[in-house]
């Protein structure tokens, strides 16, 4: 059985192998993303065109025999008790009563990459040199982003391509023309209950297809984040596109369906798949930063509780931690010492059990939406083989609601896990020796990550609110006819809002964990440099040199050193040395007690000086990049992500540890955030770093690193029988 990892990597491969010929049966989530956000062209397969024509013939023949067909010679919904022979006028009445949405005239197109206005062709995702359309609408917008409209059009095209809608081929080809000429209807954000499909939003697409003067579009080049807003008739004329003339049933076929909610949900699903994969990598890096063990992810644990999601995530995290020098060995003596927490805390120890059900839900959501975007969802439907026209309810978008609410609730679960990992890294009571607020300088004057600690709490709270179901708020509509309505589009919009909130939380987590890993490297390098000096001084002052005694003193020093991380360097060293006095007196006893005290005092004074100088030197070496940095200590996956963030994405972060006063010296600025020239000479705040990571996630660049790590994990640890 395919795993979630297989699904994600297959989806990612689809993004790198564009294939957007629409046939009604094989549209993928990746195809929707490519057409919607990367402006890839679409085409209608020859077979689909032939199937569409046969369906249209069935409708014409039945009307010629004066058979009653819903929405073709009857009224709509609760008004279906009326009859008419004015077929074309009836279809036009749809647009008259459905185009009720609010479209503020000052809404921007927002047709830019959310990071820097364009997407460069790259090896780790999305082969496109065209602009990357935004995912979310601007705050307060009344107009859908262009990517939403394009997603709706390609899904509607695919639905019509099944040949069950009774349209002529010209209707489908009109959608192809709009997509390929990048003429994007302006669609209101609100107003659909997704019961009889997304009637009102789809009516705006249908109006543009007809070149109605009441409809407007985004057209022209993507320049400076905005595009021209022009009337539909003018845009079609400029592109040389002939407006369609709606025939019997065709208006209903256009507006009656789930394409808008399903298309936008596909965009949300793409982000959720990638964010779930990123969460596993962030968890592995958190295990390293918290000096955790990989025992929690041992294959045996999943063998005896074989939930597929748990097994898949455990296998990935276990592989991600391969070769890590920071994970704690199972037989580490500190684990057996009284006063030491024997097991890792839940945020990392139960991570695979927490992630597992979420990615199983995401896999089901993927199946539901993949089915939906390859379905005929209007009414009535034409059974060409049986020469029948059937009334039904395929437009009810409950499957979409089910999918996006699983996604939104899953993001809340993953967000709660990441939040807990963050708080444990920032809090010295739980971080296993990291300084408070992850300060790399004296904690009395540096509270660097305290603000982010608050920020992550705010984001996690918002995710909790957004996780509430939307589908429980159904109101009866349309003369009581639409007593059941899915609210799929409303729920999808809130899911995209959750995607944005979660992305900010993930960006904060990544910056936090990179700082924590740097501090681990600092500690390891300091102890490596100081340990031999400490032992040498012990032997120098001890009457009977004893390596075992020196090792015992060193272990006691380390324990005391880790206990007092909330103190500045000098008092912390003094406190750690003071707590050695009893053992030092025993070890250094020679002659009178007074002589012993003098010897102990000399030792402490010398070691304070040596330790302070060694720590400052080590911090400087690591801080300016001239010494060993954290990636040398990390597992195979953490190393890739750390290097991407610190050296590729934000090279100035890699040049110096984040400090509490001046994060980066003026000489270290490279304008490496967003467009490289945009920030030259501007000293970045901590929020600037988070913004850089956030933009890398939203643009898809960071996902490429995640997928490389997943691919390597799958090769290294493929699923086994019973796993």
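Each of 413, 391, 174 was scored by other Cβ atoms within 10 Å of its Cβ. Listed from fewest to most, they are 391, 413, 174.
Taking other C-beta atoms within 10 Å as the exposure proxy, 285, 417, 209 rank 417, 209, 285 from fewest upward.
Centre-to-centre separation between the Cα atoms of the range 244-308 and those of the range 155-199: 25 Å.
Between the range 346-391 and the range 6-44, the alpha-carbon centres lie 17 Å apart.
Net length available on complete extension from residue 19 to residue 86 is 20.0 nm, with 0.36 nm assigned per residue and the Cα-Cα distance removed. Among 373, 241, the ranking by other beta carbons within 10 Å of each residue's beta carbon, starting with the fewest, stands as 241, 373.
Every number in this text was worked out from the coordinates using simple rules, so none of it is lab data. Just so we're clear, the structure is a prediction, and the values are computed from it rather than from any experiment. Neighbour counts run over all protein chains shown; Cβ positions are idealised from the backbone, glycine included.
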